[in-house]
Amino acid sequence: MILNETYTLANGVKLPKLGYGTWMVEDADAPAKVQAAIEIGYRHIDTAQGYGNEHGVGEAIRNSRIARENLFVTTKLDARFKDYNGAKAAIDDSLQKSGLDYFDMMLIHSPEPWDDFRSGNHYFEGNLEAWRAMEEAYKAGKLRAIGVSNFEQVDLDNLIENATVMPMVNQILAHIGNTPFDLIEYAQSKNILVEAYSPVAHGAMMNSQEIVAMAEKYRVSVPQLAIKYCLQLNLVPLPKASSVAHMKNNTEMDFDISAADMTILKAIKMDDYGKNSVFPVYSGKKD
């Protein structure tokens, strides 16, 4: 069962192959949503300072019947922190808000602040300062693993060439129709695990006749096909779900996409998200 399978990070920490994403989950709703996910069998929960729900996620973790050491909780350092002192304070603030003694992983949410996303300014020095604060928290046991999100190759190289602790994860937008293969291959060649957020493109994928037909061929839902696609690329998909039924459906991975069909799926292009383009994750201003 996919919920019992793990990857091993560069430092030996095990990370579950499938996570439950909490982007756009309100803080007040987070305890119930996350608890439901845990009861289904999810052991990997993904949150962020920018989501505004660390308190609710932490409440679910603290009140869970599952032992803390058997749950993997990721949060993300807000993209605006590009200095050591700000990052250090923000890390402690996340721990305080969540009520947790440690996070299993923290990621720098973006190499650029959201209002300057992909502007061409990579904030190399600022990211090194933020990373230094995360390294310190990692060495102090506040974080079991550290990584990044939305980093391009040059941003990864900045840390690889200058940091003391190498990034263990890069969480990026990756799904059928929008898969940055070169970046994924590069990260994996550096022993950096790649996580895929928005693996179903917030529902926009449901409008693709080609993808829908492929899902019907395998007698699975479009989200199941999308999640399996990521898994077969050795990515960690982080789907969110609006209902318990969808949470369960997203875990049912008892099928394999053939090599020929993977080739077809890899070639699909989906650059227009239609009405879903209004989501900040696509406009590039917030994830």
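The values are calculated or read from the model by the stated rules, or taken from the named source; none is laboratory data. All values derive from a computational prediction rather than experimental measurement. Virtual Cβ from ideal backbone geometry, glycine too; neighbours counted across all protein chains shown. Side chains included, ligands, DNA and RNA excluded: accessible areas come from the protein's heavy atoms. Shrake-Rupley method; radii C 1.70, N 1.55, O 1.52, S 1.80 Å.
The Cβ shell under 15 Å around Ile257 holds other residues with a net charge of -2, Lys and Arg each +1, Asp and Glu each -1. Farthest toward the positive end of the dipole of the chain, out of Asn85, Ala32, Thr22, is the Cα of Ala32, where the dipole comes from beta carbon charges about the Cα centre. With θ taken as phi - 60° and the Karplus curve 6.51 cos²θ - 1.76 cosθ + 1.60 applied, the whole-hertz 3J(HN,Hα) list for the stretch 114-128 is 4, 6, 10, 4, 6, 7, x, 8, 8, 6, 4, 5, x, 5, 5 Hz, x standing for glycine and proline.
Between Gln96 and Ile264, 0.36 nm times their residue separation minus their Cα-Cα distance comes to what?
Details: separation 168, 0.36 × 168 = 60.48 nm, distance 4.66 nm.
Extra length from Gln96 to Ile264 when fully extended: 55.8 nm.
Residues whose amide H falls under 5 Å from that of Tyr20, counting only those 5 or more places apart or on a different chain, are His44, Ile45, Asp46, with hydrogens built in the peptide plane. Under 5 Å between amide hydrogens, built in the peptide plane, is the criterion, and for Ile108 it picks out Leu77, Gly147, Val148, Ser149 among residues at least 5 positions away or on other chains. Sparsely packed loop sites in the stretch 56-121 (the trypsin sites (Lys or Arg not before Pro) outside DSSP H, G, I, E and B with at most 11 other Cβ atoms within 10 Å) comprise Arg65. The stretch 1-35 and the stretch 85-141 have Cα centres lying 19 Å from one another. Using a 1.4 Å probe over the heavy atoms of the protein chains, calculate the carbon and sulfur portion of the accessible area of the chain as a whole percent. Roughly 48 percent of what the probe reaches on the chain is carbon or sulfur.
Based on C-alpha pairs under 8 angstrom that are at least 6 apart in sequence, the stretch 1-156 has a relative contact order of 19 percent.
At a probe radius of 1.4 angstrom, the accessible area of the stretch 87-143 per residue rounds to 42 square angstrom.
Please figure out what share of the DSSP beta bridges in the chain is antiparallel and state it in percent, rounded to the nearest 5.
Once the DSSP bridges in the chain are tallied, antiparallel ones form about 15 percent.
Backbone geometry of the stretch 195-203 corresponds, through the Karplus equation with coefficients 6.51, -1.76 and 1.60 at θ = phi - 60°, to 3J(HN,Hα) couplings of 9, 10, 8, 6, x, 10, 6, 6, x Hz, x marking Gly and Pro.
Based on the Cα atoms of the chain, what semi-axes does the equivalent ellipsoid have, where each is the square root of 5 times one gyration tensor eigenvalue, given in whole Å with the largest first?
Over the Cα atoms of the chain, the ellipsoid semi-axes are 28, 22, 17 Å.
Rounded to the nearest whole Hz, the Karplus-based 3J(HN,Hα) values (6.51 cos²θ - 1.76 cosθ + 1.60, θ = phi - 60°) of the stretch 44-54 follow the sequence 10, 10, 10, 9, 6, 4, x, 7, x, 10, 4, with x at glycine and proline.
Per-residue extension of 0.36 nm, minus the Cα-Cα distance of Arg62 and Phe124, leaves a gain of 18.7 nm for this segment.
For the stretch 130-192, the relative contact order comes to 31 percent (Cα pairs under 8 Å, sequence separation of at least 6).
In this structure, the residue pairs whose Cα-Cα separation is over 30 Å, taken from Lys14/Lys97; Lys190/Lys240; Lys248/Lys275; Lys142/Lys275; Lys97/Lys266, are Lys142/Lys275; Lys97/Lys266.
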